[in-house]
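Comments concern the structure below.
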Amino acid sequence: MFNSIIAMATREITLKFFKHCIYLVIYSLFRCCQLVSWWLTGVQGHLKSCRNGENYESCAQLLKVWFHSSGRLLNFSLRHHFLSTHVNFVHPTYALRKHITLMTVTDKEAIFSIQGECDDVLNVRKWPFLNVGHPTTAKHLLIMPISSMIKLGEELGDPKAKVIWIYHTARCGSTAMSQVFNSLPDVVSISEPNCLFSLDMAFKEKYFEKKRDSWITSDEYQQIYKNAVRLLVKPYKRDANIFAVRSHGYATKADLHLIPKLFPQFIGIFMYRNVKEAAISLTRVTQGIFLHGECALAVIKSLILSRLFPNLRPSNLLSCSSCEPRHLEWLFKRENMIKSCDFINAVIQFSGACFHYKEVVAEGLPVVAAKYEHLQKDQIKFFEMIFNHVGLEMTSERRKLIDYALSEDSQKGTPADKKLFAGVKTEVTREMIDEANYFLRYYGLPDWGKDILLPKTLEY
C-alpha cells in the first residue's frame with residue numbers, strides 16, 4: 001500500500017514537472033511577443049521608470065491571469081508562473097481593496113492576488129494552506145516594485161487589530177489552531193501565507209551568490225519584511241477585531257527572529273510536538289514530492305557531476321534550512337548536504353524551528369509554546385488555555401464553534417489529507433535514527449524518541 005501511494009505521488013509530481021516544462025516553452029515564446037508589444041506601446045518604458053522609483057501614483061501593474069503553472073506541489077508563485085496580460089497601471093493603494101491579498105514578496109517586487117468578489121481565499125475551512133489557495137483563485141495580479149510596496153506599507157502603518165502569530169514546526173496541530181480561530185466570527189485567520197517565505201528564499205539565494213553577512217539583521221531585509229507583514233494583515237472583506245496568522249512552516253525560523261522584535265505587540269504562540277512523531281508525520285506527507293531537490297542531490301552525490309555544478313543546492317534543503325549564515329554554512333557542507341532526504345529534512349525543519357524558539361525565549365521576547373500532545377489529551381482544556389493566554393473568553397457559543405471546527409480533518413481536501421495517508425507507514429532504521437541524532441545534537445535538542453518540553457510551554 002505504502003509503495004503504491006508513493007509511486008502515485010511520484011508519477012503525479014513527474015507529470016506536473018513535464019507539464020510545467022511544456023508551459024515554460026510556451027510562456028517563453030509568449031513573453032518575447034509580449035515584451036515587444038509592451039515596448040511598442042510604452043508599457044515597458046513605464047515599468048522601467050517605476051522600478052527606478054518614479055511614477056509612484058501609477059506604479060502598480062494590473063494583469064489578467066489566463067493560466068498558472070509552478071511545476072511543484074509546494075512552491076511560491078512568481079511572475080513567470082502566470083500566463084497573464086497587461087490591463088493598466090493603477091495607484092499602489094489599489095492593493096488595499098478588501099478582496100486583494102499579498103501573495104509573494106521578493107527583493108525586487110511584491111505580487112498581490114486578486115480573487116473574485118465571491119471568493120474567500122482566507123477561509124481556512126476551504127483553503128487550509130493559503131499558498132495553495134492564492135494561485136488557484138487568482139483572477140488578476142497586481143505587481144509593484146518593492147520600493148513602492150515599502151512606501152505603501154509605511155503609509156498604512158501597523159495593524160489596529162489584535163494579531164496572534166502562530167509559529168510551528170509543521171505537523172503539530174497548528175492547522176487545527178488556524179481552523180479554530182477561523183471559526184470565530186470576529187477573527188480573520190491567515191494560514192501559511194507564502195509572502196514571507198518567498199522573501200526568505202530570495203535572500204538565501206542572494207547570500208549564497210554574494211556571501212554577505214547575515215541578511216536577517218540587515219536594514220534592507222527588515223524594512224521589506226516589516227511592510228510585507230503590514231500589508232498581509234491589512235483590513236479584509238470580513239471585518240475582524242483579531243487576525244490569527246499561522247507562519248508558513250519553512251518561514252517559521254525567520255518569523256521567530258523578526259516578528260517579536262518588529263511587532264512586540266503581537267501575541268506569539270509556538271506549536272510543536274515530540275520530534276519522533278513530528279518527523280515521521282512530515283516525512284509521510286512530503287515523500288516523493290521534491291523532484292527538483294532529489295535531482296539536485298543526485299548531481300551533488302556524483303563526484304564528476306558535482307565538479308561540473310559546484311554551486312548546486314537541493315531546493316528542499318534550502319527551504320527547510322535556517323535563516324542564519326552559520327547554520328546555512330554547516331548544513332551545506334558536502335558531508336551534511338548528502339545526508340539530505342525527506343526524513344532528514346523533516347528533522348532539520350523541526351530542529352531549526354525549536355532552536356530559534358529557544359533563542360527568542362532566552363532574549364525575553366513575547367512568545368510562548370503550546371504542545372500538540374496537550375491538545376491530543378484534552379482539546380477543550382487546551383483551547384481554554386490558549387484563549388485565556390490571548391485574552392479571549394471561552395463562551396458556550398465559542399465552545400460549539402470549536403467543536404465544529406475540530407469535527408473533521410483540518411487538512412481535508414489538501415495533499416496532506418489524512419485519508420490519503422491512512423495506510424502509509426514510514427520505516428525508520430537504526431541508521432536513520434543515528435543521522436537524526438547527529439542533527440538534533442547540533443541544535444542542542446534531545447535525542448530521537450525522547451520527550452521534549454520547551455521553555456515557556458503553556459499547561460492547563
Subset of the stretch 418-437 [aliphatic (A, V, I, L, M), at pLDDT below 90, surrounded by 16 or more Cβ atoms within 10 Å (Cβ to Cβ) and in a loop (DSSP other than H, G, I, E, B)]: Val424
List, please: which pairs have Cβ atoms under 6 Å, are six or more places apart or on different chains, and start with a residue in the stretch 405-417 that is in a loop (DSSP other than H, G, I, E, B) and crowded, with 17+ Cβ neighbours inside 10 Å and end with one that is among the hydroxyl-bearing types (Ser, Thr, Tyr) and modelled with pLDDT of 85 or more? Ser410/Thr175; Gln411/Thr175
Residues that are within 17 Å of the chain's Cα centre (by Cα) and either crowded, with 18+ Cβ neighbours inside 10 Å or at negative phi (or both), at least 3 per element: which helices (runs of 4 or more DSSP H) completely within the stretch 119-237 meet that? 130-137, 174-183, 195-210, 219-232
Is it the case that the stretch 159-177 has a residue that's at pLDDT 95 or above, over 30 Å from Asn311 (Cα atoms) and in contact with a His (Cβ under 8 Å, 6 or more places away or on another chain)? yes
Mind checking which residues of the stretch 68-115 are within 20 Å of Phe243 (Cα to Cα), touching a Pro at 6+ places or on another chain (Cβ under 9 Å), touching a residue at least 40 places away in the same chain (Cβ under 8 Å) and of a type outside the set (A, V, I, L, M, F, W, C)? Lys98, Thr101
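Could you identify the single residue in Ile190, Ile216 that is of a type in the set (A, V, I, L, M, F, W, C) and at pLDDT below 95?
Working: Ile190 fails: at pLDDT below 95.
Result of the check over Ile190, Ile216: Ile216.
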Could you list all residues from the stretch 82-118 that are over 17 Å from the mean Cα position of the chain (by Cα), within 14 Å of His140 (Cβ to Cβ) and assigned to a strand (DSSP E or B)? Phe82, Leu83, Ser84, Thr85, His86, Val87, Asn88, Phe89, Val90, Ile100, Ile114
Could you please find all residues in the stretch 56-67 being over 10 Å from Thr85 (Cα atoms) and surrounded by fewer than 17 Cβ atoms within 10 Å (Cβ to Cβ)? Tyr56, Glu57, Ser58, Phe67
How many residues of the stretch 63-81 are touching a His at 6+ places or on another chain (Cβ under 9 Å), assigned to a loop (DSSP other than H, G, I, E, B) and at pLDDT 90 or above? The answer is 2
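The values are calculated or read from the model by the stated rules, or taken from the named source; none is laboratory data. Computed from a predicted structure; not experimentally measured. Don't worry about glycine lacking a Cβ; one is built from the backbone with ideal geometry, like all the others, and counts go over all protein chains shown.
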